[in-house]
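S.K.: Structure provided below as structure tokens; questions to follow.
Every read-out reported here was derived from the displayed coordinates using simple, explicitly stated rules and does not represent laboratory data. All figures in this text were calculated on a predicted structure; none of them were measured in a lab. Cβ coordinates were reconstructed from backbone atoms using ideal geometry, including for glycine residues, and neighbour counts include every protein chain displayed.
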Amino acid sequence: MATQTQVMPGRTTALSTSSQSIKRQKVLQIILLYLLSIGLSLLFIFPFFWTVSTSLKALDELFTFPPTWLPAVPQWQNYPAVLNRVPFLLWTWNSIYIVALNTLGTVLSASLVAYSFARFRYRWREAIFIITLGTMMLPDQVTMIPQYVLFHKLGWINTHLPLWLPSWFGGGAFAIFLIRQFIMSLPRELDEAALIDGANYWRIFWQILMPLCKPVMATIAVITFIGTWNDFQRPLIYLQLRELFTLAVGLNYFNTLPEMGGEPMQALLMAASVMMIIPVIVLFFVAQRYFVQGIVLSGIKG
Amino acid sequence: MAAITESSAISYGGAKEPGLLGRLAGAKTALQANEAIWGYILLTPWIVGLLIFWIGPILASAYFSVLEYDVLSPSKFIGLENYIRAFTGDKQFWPSFGRTFYYSIVVVPLGLFGSLALAILLNQKLKATNFFRTIFFLPHLTPAVALALLWVWLLHPTVGPVNTALGWIGIDGPGWLTSKDWAIPALILISLWSGVGGNGMLIFLAGLQGVPQELYEAAEIDGAGSWSKFRNVTLPMISPTLLFNLILGIIGALKVFTLAFVATNGGPSFATWFYALHIYRQSFEYFRMGYGSALAWIFVIVLMAFTYIQLTLSRRWVYYAGEKD
Amino acid sequence: MHNSKISRRSFLQWAGAGSATLALAACAPAAAPGADTGAASGGEAAPAGDGGSMSVATFDAVLHDWQREFAKRWADAHPEVDVQIESVVYGEMAKLQLARAASGTMWDLVFSGIKWFPFSASKDMFLNLDDFLANREDANLDDFFATALEGGKLDGTLYGLPYEIHPGNPALIAFNVDMLDAAGLSVPQDDDWTVNDYAEMCVALTKPEEGVWGTNYLPGNYYDFESIARAFNTDIMNEDRTQLLFATDEANRAAAEWITKLRTDLMCAPNREAAQGLDFTAGAVATAQHCSCSVNGTITTVGDNFALDFALFPKGPEGYRGYTAFTSNYSVSATTADPDMAVDLLIYLTSEEAGTWSALEQGTGQPNARRSVWENEELLSKSHPIFRRVVNMYNDASIPGPFPMPSNLRFSELQDNWANTSPDLFYGDVGFEEGLQAVQDAMQEILDLPRA
């Protein structure tokens, strides 16, 4: 700047004024962006806030007009009350163990399959892979009915088997795809060095590739967890006994319960919803990094 | 001579002829055969799964679609009657398709636009970007069931906060989920709220971050303003991600079920009676599995056609950096 | 490198890993509760003897504890039989029956709501009771209300015995007597008022400035409309249940017009939006359509908030009355191992003893469908006087009440179509003729289909 001043005095003044206004513009811009972000955040958070607030309201505060933002006295007992009204804990346990089995099955079997696609050469590999990708594009409706009939003939309706067993057979195209991409990004030299040292495929898979694949495994685990926890349509068609319900179907059932003595149940419903959402949010905060990574991996390298 | 050839063949191990299985697998050497066979073995769980849970069912549903079948009574072959009934005799067939399309055509572009806008916002390198990203993503984590219950309550025509807030600025809020005309817009609103900060946004964000800085700098030197930079640098560079999100977005939107089922159960007055709901009703509540299968197949064909059209058209506007034409 | 040796070893390793994971998977569900039927769902089993076994499905609700109670009593009286009692969600029972029947695991004793009972019976799920009951005098079939017993039949054959009955959702009108007094009105006498009187009353009771409506009457189900159709001396369908007479019959049109006028003309009932969450017990409507089954519940909820009374739904303009018998039946599975024993339990569950117990001990508002239970003096004296009037209605052969099941048994579809087309008409969202025709077409479309 100093040199400029000497060479072109008039110009300098003009420059410094415009640089000031540019700075002001930039600051203004940043302030606007922050305001926008904060505004959007409020928009996204408000429904959650309203749910929690409703869940703590007393019966007579629910239908007042204009609505009150916060309960006068938070009715914490609404939460245990849910447990009395419906077998919420049982449903939670059902959801948990189905999710666990699903996640385990997906991670284990998808990684085997992805290993095959990524590191082995054989005829029809590409064709099978393309068919695999194709299943991601199919609407579930077309496989839903025959799968139901199949499980019907096996006598597995009203058991939890249809909800987690299929994931042990390959884990689904998305998981296979993601892990395959990841393994392909690991240098083949690792495999080859191990082969020369006399390792067999199992050792390579288990001791070399899998440890490196932890990030993508974590991603798959998180995505599967959330997907299974929130799954509604499949438990809906397979489960008809109340004790077998998962949280998703249970919540819907709770919603359709006739009111006991005409009492509005919104507070309890909201409390139940909160209890269903919280585990997912907690998991997300803990595993955020992997989750984001995984979504990104799937979208870009695709 | 023979002895030398043999010994050299043995010492090189890999030059041995592959067995029958290996040859079938396309291997040219024993080593390759081993690899190929192992490749197949590892693939087995998926092959089994593919056959039992995907290919088998697809073929089975094609078979069901020409039957009159409820799981209890023996099935009856009725040829193309299910399809004929769908196209001409089912009063809800065309309307439910129409509603599903209407919903998708609005939700997908708005969603893409919203996700992109949010991604751009997050890409501005504000200090608390990660925090905002998390907040924006939270709605996406909500299970659809809870989402429906939450929003039914939020959109309550008389005591819900949405209409109350509208009342403050002098607008008489509509009936939302209780009104025939506003039910689908209400569902669109809910979908956008929960989807706009979700996977699509993250993918866009990654795509944006993958645009090389030099391109922007080159554009600036050429005197491009922000809009021009966006149109000529950003958009083309993220067009693959746009296509990806578009295809997945449309498929997802056309399958809309849980939200409609829980929030409005297809009403009021069929307003939210979407195609997926129609299939469910016919198959699992009226027990007409044959007809439901026919409906599902029609759906598959439409979806395939849609995707094919999208992919073909995409060659015009998607720019793959580093690809030779 | 010896490929074959390594491949054998590593194959074993892979196989081991694979079976380990499968074994893990197999163990996990066994460790989890609730996956077994009959064991974890609050069921009990009597000490197993060699009298065979009997499985009973019961309605999963507190008011239906009597089913579990009496199944237990029967089990105690028959210690050689292994009785398994299971609680089932009412709304899921239709699908569950289908699943169970197809896999051959139907309970020996199973309950059905009238909504799906004929469909299940048509699929040969239930035992034909006519022969078995012919020898059982304690079945006492004459004790059942005629309309209730009709609900247990399909094509004239008896497949189930009713265990509860109520005359329909809009069978009664509940009154907020305080509001009536304030308007200078008195609670009408059953035989003394018609729908037109009711409409007048509602207009007088509507206070828009206080947000109070005169009534919330709306036939949300097509069988609710049947009640008012009968009050207008007609029927929503023709006699063989193949044609809908909604738009074609003068009396039906008149009934529909009366309902629609409440909202479009007289403004004494809320429109679609205002009706959300409207609560009679909170004082938002002065009168409300009411079922006799929940009378006790409402009395408890209202408590001291206001004076409460009930009357039978008004008569039609020419003095006719009607109701729709909503029943639930217990049936025996067609594949039961010991039909005689099952029928014995069936009779016990639907006996006067069980019905009286459920009414007196549990306060259910829809006790057993037996005359002896409803006319039990102790019960009547403990209950609201309206029950006596309901019984009189059941006993009056001139008042029609059988449930209007379409001949093709496609109940769900018919009801779904009604639920999606009739509100437009009744709320006045579409023109009267247009709305009428829309309902007619949608419902007739279903009636034209072959039997499910």
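S.K.: I'd like to know how chain B sits against the 2.2 N^0.38 Å rule of thumb: what's its Cα Rg over that expected value?
M.R.: Values: Rg = 27.3 Å, N = 325, 2.2 N^0.38 = 19.8 Å.
It is 1.38.
S.K.: About the Cα centre, and with charges only on the beta carbon of Lys, Arg (+1) and Asp, Glu (-1), how big is the dipole of chain B? Nearest 20 debye, please.
M.R.: Values: 19 positive and 16 negative charges, 47 e Å.
For this selection, approximately 220 debye.
S.K.: With an 8 Å Cα cut-off and a minimum separation of 6 or more residues, compute the relative contact order for the range A:87-301 in percent.
M.R.: Computed value for the range A:87-301: 33 percent relative contact order.
S.K.: Antiparallel DSSP bridges in chain C: what percent, to the nearest 5? Please report the intermediate quantities before stating the final value.
M.R.: Working: 26 of 36 bridges.
Taking every DSSP beta bridge with both residues in chain C, the antiparallel ones total about 70 percent.
S.K.: Another question, then. With a length cut of 15 Å (Cα positions projected on each helix's long axis) and a Kyte-Doolittle mean of at least -1.0, go through chain A and give me the DSSP H helices that pass.
M.R.: A:9-55, A:88-119, A:125-136, A:141-154, A:173-185, A:214-230, A:266-300
S.K.: Here is a further query. Can you give the Kirkwood hydrodynamic radius of the range A:54-191 from its Cα pairs, in Å with one decimal? Please list the in-between numbers first.
M.R.: Values: mean 1/r = 0.0517 Å⁻¹.
With all distinct Cα pairs of the range A:54-191 included, I get 19.3 Å.
S.K.: Calculated FRET efficiency, A:I278 and C:D130, Cβ-Cβ r, R0 45 Å, to nearest 0.05? Could you put the intermediate results ahead of the total?
M.R.: Working: r = 56 Å, r/R0 = 1.25.
Efficiency at R0 = 45 Å is approximately 0.20.
S.K.: With just the Cα atoms defining each centre, how far is the range B:110-131 from the range A:115-166? Give it in Å.
M.R.: 36
S.K.: Non-local amide H neighbours of C:F144 (under 5 Å, H modeled in plane, Pro and chain starts lacking H): which ones?
M.R.: C:R371
S.K.: Same structure again: Sort B:T164, C:T350 so the one with the fewest other Cβ atoms within 10 Å of its own Cβ comes first.
M.R.: Result, fewest neighbours first: B:T164, C:T350.
S.K.: Where the convex hull is taken over the Cα atoms of chain A, what is its projected area averaged over directions, in nm²?
M.R.: 28.3
S.K.: A follow-up question, please. For the range C:200-325, what does the convex hull of the Cα positions come to per residue, in cubic angstrom?
M.R.: 123
S.K.: Among the trypsin sites (Lys or Arg not before Pro) in the range B:260-325, which ones are in a DSSP loop with at most 14 other Cβ atoms within 10 Å of the Cβ? Mind listing them? Don't skip to the answer; put the middle values down first.
M.R.: Numbers: sites: B:R281, B:R288, B:R315, B:R316, B:K324; in loops: B:R288, B:K324.
Here the sparse-neighbourhood loop sites are B:K324.
S.K.: Average partner chain C-beta neighbours within 10 Å, per residue of C:277-289?
M.R.: Values: counts 8, 2, 5, 1, 4, 5, 0, 1, 0, 0, 0, 0, 0.
Counting other chains' Cβ atoms within 10 Å and averaging over C:277-289 gives 2.
S.K.: Please list, by residue number, every one of the chymotrypsin sites (Phe, Trp or Tyr not before Pro) in the range B:274-314 that is coil in DSSP and has at most 16 other beta-carbon atoms within 10 Å.
M.R.: The qualifying sites: there are none.
S.K.: Follow-up question, since we're still on this one. Can you give me the long-range amide H partners of B:G175? Hydrogens built in the peptide plane at 1.01 Å from N, cutoff under 5 Å, separation of 5 or more residues or another chain.
M.R.: Here the answer is none, since no amide H 5 or more places off falls under 5 Å of that of B:G175.
S.K.: Would you list, by chain and number, the lysines whose Cα falls below 21 Å from the Cα of C:K207, excluding same-chain residues fewer than 8 positions away?
M.R.: C:K261
S.K.: Still on this structure: Extension gain C:A77-C:V203, at 0.36 nm per residue separation less the Cα-Cα distance, in nm? Display every interim value, and only then the final one.
M.R.: Values: separation 126, 0.36 × 126 = 45.36 nm, distance 5.83 nm.
Extra length from C:A77 to C:V203 when fully extended: 39.5 nm.
S.K.: Then there's this: In the range A:197-252, which chymotrypsin sites (Phe, Trp or Tyr not before Pro) fall in coil by DSSP and have 15 or fewer other Cβ atoms within 10 Å?
M.R.: none
S.K.: Turning to a different aspect of this structure: What residue among B:L24, C:A369, A:T135 has its Cα farthest toward the positive end of the dipole of the protein assembly as shown, where the charges are +1 on Lys, Arg and -1 on Asp, Glu, each on the Cβ?
M.R.: B:L24
S.K.: Mind checking Rg over Rh on the range C:325-396, alpha carbons, Kirkwood formula for Rh?
M.R.: Values: Rg = 14.2 Å, Rh = 13.4 Å.
Radius of gyration over Kirkwood radius for the range C:325-396 works out to 1.06.
S.K.: Right, here's the next one. Can you tell me the 0 to 90 degree angle between the C-alpha axis of helix B:199-209 and the longest principal axis of chain B, rounded to 10?
M.R.: 70
S.K.: Considering every residue in A:131-141, what mean count of other chain Cβ atoms within 10 Å of its Cβ is obtained?
M.R.: Mean partner-chain Cβ count within 10 Å for A:131-141: 6.
S.K.: Report, in deg cm²/dmol and to the nearest 500, the calculated mean residue ellipticity at 222 nm for chain A, where each DSSP H run with n ≥ 4 adds -39500 (n - 2.57) and the sum is divided by the residue count.
M.R.: Taken over chain A, the calculation gives -23500 deg cm²/dmol.
S.K.: Given a Förster radius of 22 Å and the C-beta distance between C:Q189 and C:S381 as r, what FRET efficiency does 1/(1 + (r/R0)^6) yield to the nearest 0.05?
M.R.: Once the sixth-power term is evaluated, E becomes 0.60.
S.K.: List every residue whose amide H lies under 5 Å from the amide H of A:F245, counting only residues 5 or more places away in sequence or on a different chain, with H placed 1.01 Å from N in the peptide plane.
M.R.: none
S.K.: Compare the Cα positions of B:L248, B:H278, B:Y40 along the charge dipole of chain B (+1 at Cβ of Lys, Arg; -1 at Cβ of Asp, Glu; about the Cα centre) and return the one farthest towards the positive end.
M.R.: About the Cα centre, the residue reaching furthest to the positive side is B:H278.
S.K.: Working only with C-alpha atoms, what are the Rg and Dmax values of the range B:205-315, expressed in angstrom?
M.R.: According to the Cα coordinates of the range B:205-315, Rg and Dmax are 21.2, 67 Å.
S.K.: To the nearest 0.05, how large is the calculated FRET efficiency for B:D222 and B:L110 if R₀ is 56 Å and r is the Cβ-Cβ distance?
M.R.: 0.95
S.K.: Take the alpha carbon gyration tensor of the protein assembly as shown, find the square roots of its eigenvalues, order them as a ≥ b ≥ c, and report rounded if a/c is under 1.5; if not, report prolate when a/b exceeds b/c, else oblate.
M.R.: oblate
S.K.: If you take the charge dipole of the protein assembly as shown about its Cα centre, with +1 on Lys and Arg Cβ and -1 on Asp and Glu Cβ, which of B:G175, C:S120, A:F46 is farthest toward its positive end?
M.R.: A:F46
S.K.: Enter the angle in degrees (range 0 to 90, nearest 10) between the Cα long axis of helix B:235-254 and the first principal axis of the Cα atoms of chain B, meaning the one along which they spread out most.
M.R.: 70
S.K.: Now, a different point. Calculate the mean, over all residues of peptide A:157-170, of how many other protein chain Cβ atoms lie within 10 angstrom of the residue's Cβ.
M.R.: 5
S.K.: For C:C268, C:C291, what's the fewest-to-most ordering of other Cβ within 10 Å of each Cβ?
M.R.: C:C291, C:C268
S.K.: Step through the residues of the range A:68-77 one at a time and calculate ³J(HN,Hα) from phi using the Karplus curve (6.51 cos²θ - 1.76 cosθ + 1.60, θ = phi - 60°), rounding each to whole Hz and writing x for Gly and Pro.
M.R.: Karplus-based 3J(HN,Hα) across the range A:68-77 equals 8, 6, 10, x, 5, 10, x, 8, 4, 5 Hz.
S.K.: For C:K153, go through the lysines and keep the ones whose alpha-carbon is under 24 Å away, minus same-chain ones fewer than eight residues off.
M.R.: Leaving aside lysines fewer than 8 places away in the same chain, those within reach of C:K153 are C:K95, C:K115, C:K123.
S.K.: Any chance you could give the angle, 0 to 90 degrees and rounded to 10, that helix C:339-349 forms with the longest Cα principal axis of chain C?
M.R.: Result, in degrees: 40.
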